Amino acid sequence: MSWLFLQVTSLGPNVWQYLNWEHRPEMQSARPVFRSEILRLLGVLEARLARPGTNGWITEHGFSVADIVWVPMVDGWKQKRCGIDLKEFPNIERWSDRIYAREGVRRAYDTGGLFFGERPGYP
């Protein structure tokens, strides 16, 4: 539950603020603050995914709703929407690829569409 709340109260709002103010000149000075917080949260997720016992998932129990909630926000950076390269977060990149390789996830996105548009490498 804590990982769900962290996404909806921290990562989600910061991504929204960062993208929402992209084309508003009067808000350009605020965008680095949101970007910095996004990078900090990605660092928290990167460390969590590297933690022994998680097998590359957010929780020790394996693939969970926490992974499902986090991945759409995180995966947008693969498309450079926020100008963040996930190469500096290798655990996140592997984790994201594992999730999108799952048949159930593919079917869900085929039905509902992708949050950030087309995903590179997604069939």
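Descriptive notes on the structure:
- Helical segments meeting 24 Å axial Cα length and Kyte-Doolittle -0.5 threshold in the chain (DSSP H): 31-50
- Percent of C-alpha pairs per 5 Å bin, the stretch 19-79, short to long: 4, 15, 20, 22, 14, 10, 7, 5, 2, 0
- Per residue, the solvent-accessible area of the chain (1.4 Å probe, heavy atoms of protein chains only, all protein chains present) comes to 56 Å².
- Distance between modelled label sites at T9 and R51, nm, 7 Å Cα→Cβ extension: 1.7 nm
- Surface composition of the stretch 1-107: carbon and sulfur make up 57 percent of the accessible area, probe 1.4 Å.
- Rg over Rh for the chain works out to 0.96, using Cα positions for both radii and the Kirkwood form for Rh.
The values are calculated or read from the model by the stated rules, or taken from the named source; none is laboratory data. Quick caveat: nothing in here was measured; it's all calculated off a predicted structure. All Cβ positions, glycine included, derive from the backbone under ideal geometry; neighbour counts span all protein chains shown. Ligands, DNA and RNA are excluded from the accessible area calculation, which covers all protein heavy atoms including side chains. Shrake-Rupley method; radii C 1.70, N 1.55, O 1.52, S 1.80 Å.
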